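To start, the structure under review is shown below, and the notes come after it.
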Amino acid sequence: MEKILLVDDNNVSLSLAKNMLGDKYEIYAVLSGEQAIKFLEKKDVDLVLLDINMPELSGFETLKLIRELPGYLNIPVIFLTSDSNPETERKCFELGAFDYISKPFQKITLCSRVERTLDLVSLRKDLEGRLLEKTKQIARISLKSMMMIANTVDKKDPLAAEHSNNVAWFSVEMAKKLGWDNDDLYNLQNLALIHDIGNIGVPENIIRKKGQLTSDEYETVKKHTTLGKNILADMTVIRKAAEIAESHHERYDGKGYPNGISGNDIPIEARIIAIADAFDSMTSDRSYRKKLSREEVLEELKKGRGTQFDPELVDVAIGLLSQDEFKRDEVDIIREEEMMVENSRLLQDVLSEYTNRPKKNHVRDQLTGLWSSSYAMDEIDGYLSDKRSNGCFMLIDIDGFSQINDNLGHIVGDSVIKNISVILNEMMRKDDIICRVGGDEFILFFKDGGSKEFATSKAEEIILCLDDGLKNPVSDERISVSIGITIAQSDGKDFATLYNKADKALYLVKENGRHSYHFFSDEGSMMRNSLSGTRIDLEYLKKFVSEKDSTPGGFMVEYESFKKIFRFLGRAQKRSSRPIILLLLTLTAADGSPANSNLLGSSMIYLKSAITMAIRSGDVMTNYSSSQYLAILLESTTQNGYLIAERIRKIFYENVTDPDIRLTYDIDTTPFIQNNSYEED
């Protein structure tokens with residue numbers, strides 16, 4: 001059971017809130033901000049309901065102190081206040097409140113806001129947990145995967161088959177001498193493994209050329225740094241990946257490429273890798289020369305000190321190479337459990353973009369895993385290049401999706417998108433195509449589905465499945481979609497034409513009530529007969545009216561609606577003779593005289609809450625006058641009527657202690673039987 005802390009200097013407000021929430025949550029109550037801080041120092045809660053206007057320590061000041069407590073930085077807080085000033089509401093949200101409820105509050109409002117806040121917090125924690133787990137999973141990119149990337153690049157030059165591995169090894173050895181910790185050593189090793197990834201875009205005839213490169217060929221080779229930066233632009237699990245790929249050929253004296261930066265403006269990782277890169281080049285056979293001896297390598301490093309290389313770092317490299325026992329250590333810093341076979345997104349991107357492998361691996365929408373629109377366009381255009389091919393093209397838009405993002409944020413919006421994509425994807429056949437376009441639109445293409453009968457059946461199936469599977473988290477109503485439909489060959493012979501016409505059909509649906517579908521070819525006709533006469537409407541209506549009402553207590557209606565219900569029940573009672581009781585509750589002054597508005601104050605609000613809590617589901621109530629409420633109690637005996645009335649009085653007096661206010665009631669146990677006029681009304 002979730003724990004809620006109530007903070008309010010008004011005992012009546014505390015008592016009312018406890019009664020409203022106590023049956024579902026574990027409630028704690030304190031009378032000041034100081035007491036709240038002391039309480040939270042000893043006990044954890046899931047939500048704080050915090051009054052703003054309190055003596056000594058205001059709600060705003062209390063919230064700031066709560067945020068400073070260990071573990072309470074993100075505790076959800078709902079402010080309670082009778083201050084209706086918009087500036088107050090703005091300040092509440094600026095301070096990080098989840099919600100703002102005006103006093104005197106009603107049970108339905110309070111309970112729904114609390115439940116929604118706790119649901120959102122639970123969702124956030126779940127998403128944060130998943131994100132943390134995903135981050136850990138990605139962070140465990142295995143050495144084998146990274147080596148596969150490096151080897152893919154290195155194999156373009158048979159003489160440099162171990163280049164990236166050698167650079168990684170020597171870079172780590174240098175960094176160990178600098179006292180780097182294991183986390184930084186691990187990151188440096190991965191940076192070194194992929195530092196030359198841009199070479200995958202350099203033609204093999206240039207990489208393998210035995211003679212001197214021409215100026216044009218050299219310019220092509222130099223582009224590998226910028227290409228590497230572009231390939232690694234979205235890499236986050238390896239820190240500085242794009243930056244190091246771009247800068248590892250910069251020189252300490254500023255004469256390197258591509259940007260000519262110098263000295264400490266070059267990232268230290270790039271300065272280390274530049275030395276390790278040169279070391280491996282000098283100690284390996286190349287197409288243009290044989291490898292150098294250790295003495296020659298040491299001499300070249302000394303020549304480059306302060307010009308090509310960072311002088312302090314090159315001294316570290318020289319110190320390592322000067323040790324007679326120095327040799328490559330085959331034991332790697334990567335922990336054994338991380339040595340798993342796991343192809344990373346980067347490997348898939350690189351191999352599919354720059355080799356002859358199929359491109360299907362890298363054309364997925366990141367959020368949903370569906371195809372990208374570019375892939376869908378290529379596939380649909382390729383399929384329709386055969387004029388005998390036909391199909392059904394649907395453009396689907398989520399109705400009212402912007403309200404979800406605006407009211408609940410993009411995390412909830414993304415969750416809705418993912419859930420819808422799962423449902424839609426399950427409805428596709430093996431060779432059909434589904435992709436996400438924009439924020440809340442999907443394209444579905446059904447191959448060999450070029451008939452209106454097929455398209456109609458599919459559109460109705462989609463709408464009904466979404467009706468059955470999802471609810472809008474803002475309104476608690478069912479998620480609905482609108483669909484524009486075109487038929488391949490008759491409406492268009494390529495993706496662009498089909499899309500544009502489907503968009504026009506979709507617009508017509510949006511303008512005519514949403515939650516429907518329309519064919520572009522029916523542009524001149526009515527919108528599916530205003531949704532009438534189809535199975536989709538009847539199914540939707542059946543689900544709508546059969547859903548269990550989540551509102552506690554009876555029905556609160558306006559007086560005019562109450563009169564209609566009163567008359568309807570009169571007819572029903574004539575036929576069934578089931579007992580019905582009319583209950584009138586009145587607030588007066590203590591002496592029985594009418595209560596004026598000054599005396600009533602917030603008492604009518606508390607009376608309404610008491611009635612709502614006491615009457616049963618199916619009973620009906622209305623505000624009869626400024627000091628009265630009227631209720632119809634269905635299938636209730638006289639004894640039950642008095643019990644309910646006394647229950648209302650008990651709840652009311654628990655929250656209203658003003659001795660000048662008096663609650664009375666009148667009961668009529670035969671309101672309909674003696675009056676036949678309703679039968680003809």
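The values are calculated or read from the model by the stated rules, or taken from the named source; none is laboratory data. The shown structure was predicted, so the numbers you read here are calculated from the model rather than taken from an experiment. Backbone-built Cβ (ideal geometry, glycine too); neighbour counts: all protein chains shown.
Applying the set (1) touching a helix residue (DSSP H, G or I) at 6+ places or on another chain (Cβ under 9 Å); (2) of a type in the set (D, E, K, R); (3) without any contact (Cβ under 8 Å) to a residue 60 or more places away in the chain to Lys209 leaves exactly one unmet item: (3). Residues that are under 30 Å from the mean Cα position of the chain (by Cα), of a type in the set (S, T, N, Q) and farther than 25 Å from Lys24 by Cβ within segment 37-92 comprise just one, Thr88.
Step by step: first the residues of segment 388-430, then only those that are charged (D, E, K, R) and touching a residue at least 24 places away in the same chain (Cβ under 8 Å), then the one that is surrounded by the most Cβ atoms within 10 Å (Cβ to Cβ). Which residue is that? Working first, answer last.
Our first condition is that a residue be charged (D, E, K, R); within segment 388-430, this holds for 388, 397, 399, 406, 414, 418, 426, 429-430.
Those still in the list that are touching a residue at least 24 places away in the same chain (Cβ under 8 Å) too: 397, 399, 414, 418.
Numbers: Asp397: 22, Asp399: 18, Asp414: 16, Lys418: 13.
Among those residues, the one meeting the criterion is Asp397.
Of the numbered criteria (1) closer than 21 Å to Ile244 by Cα; (2) surrounded by fewer than 16 Cβ atoms within 10 Å (Cβ to Cβ), the one Glu295 fails is (1).
Conditions tested, residue by residue: (1) without any contact (Cβ under 8 Å) to a residue 40 or more places away in the chain; (2) surrounded by 15 or more Cβ atoms within 10 Å (Cβ to Cβ); (3) among the aliphatic types (A, V, I, L, M); (4) under 15 Å from Tyr653 (Cα atoms).
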| residue | (1), (2), (3), (4) |
| --- | --- |
| Leu584 | no, yes, yes, no |
| Ala590 | no, no, yes, yes |
| Ala595 | no, yes, yes, no |
| Leu600 | no, yes, yes, yes |
| Arg616 | no, no, no, no |
| Gln628 | no, yes, no, no |
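Pairs are defined by a Cβ separation below 8 Å, a sequence spacing of at least 6 or placement on different chains, a first member in segment 54-83 that is more than 15 Å from Gly33 (Cα to Cα), and a second member that is of a type in the set (Lys, Arg); the pairs so defined are Leu73/Arg67; Ile75/Arg67; Ser82/Lys103.
Filtering segment 402-419 to residues that are closer than 16 Å to Asp467 by Cα and in contact with a helix residue (DSSP H, G or I) (Cβ under 7 Å, 6 or more places away or on another chain) leaves only Val416.
Yes or no, residue by residue, for (1) over 40 Å from the mean Cα position of the chain (by Cα); (2) at pLDDT 95 or above; (3) closer than 21 Å to Asp315 by Cβ; (4) not assigned by TED's automatic domain parsing to the domain that holds Gln189:
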residue: Glu246; (1), (2), (3), (4): no, no, no, no
residue: Asn259; (1), (2), (3), (4): no, no, no, no
residue: Ser262; (1), (2), (3), (4): yes, no, yes, no
residue: Ile266; (1), (2), (3), (4): no, yes, yes, no
residue: Ala278; (1), (2), (3), (4): yes, no, yes, no
residue: Ser281; (1), (2), (3), (4): yes, no, yes, no
residue: Ser284; (1), (2), (3), (4): yes, no, no, no
residue: Ser287; (1), (2), (3), (4): yes, no, no, no
residue: Leu292; (1), (2), (3), (4): yes, no, yes, no
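Residues that are hydrophobic (A, V, I, L, M, F, W, C), outside any helix (DSSP H, G or I), surrounded by 15 or more Cβ atoms within 10 Å (Cβ to Cβ) and modelled with pLDDT of 85 or more are absent from segment 377-387 altogether. For Glu56, the conditions (1) outside any loop (DSSP other than H, G, I, E, B); (2) farther than 28 Å from Ile411 by Cβ all hold with the exception of (1). Scanning segment 74-96 for residues that are assigned to a loop (DSSP other than H, G, I, E, B) and either on the phi > 0 side of the Ramachandran plot or in contact with a helix residue (DSSP H, G or I) (Cβ under 6 Å, 6 or more places away or on another chain) (or both) yields Pro76, Leu95, Gly96. Does any residue of segment 470-488 turn out to be of a type outside the set (Gly, Ala, Ser), closer than 27 Å to Asp414 by Cα, in a strand (DSSP E or B) and at pLDDT 90 or above? Yes, some residue in segment 470-488 is of a type outside the set (Gly, Ala, Ser), closer than 27 Å to Asp414 by Cα, in a strand (DSSP E or B) and at pLDDT 90 or above. Inside segment 21-44, residues that are in contact with a Phe, Trp or Tyr (Cβ under 8 Å, 6 or more places away or on another chain) and either part of a strand (DSSP E or B) or modelled with pLDDT of 90 or more (or both) make up a count of 4.
When segment 211-259 is filtered for residues that are assigned to a loop (DSSP other than H, G, I, E, B), exposed (fewer than 14 other Cβ atoms within 10 Å of the Cβ) and of a type in the set (Ser, Thr, Tyr), the ones remaining, listed by number, are Thr214, Thr236. Please specify each residue of segment 422-459 satisfying the condition of being of a type outside the set (D, E, K, R) and assigned to a loop (DSSP other than H, G, I, E, B). Selection gives Met427, Met428, Gly438, Gly439, Gly449, Gly450, Ser451.
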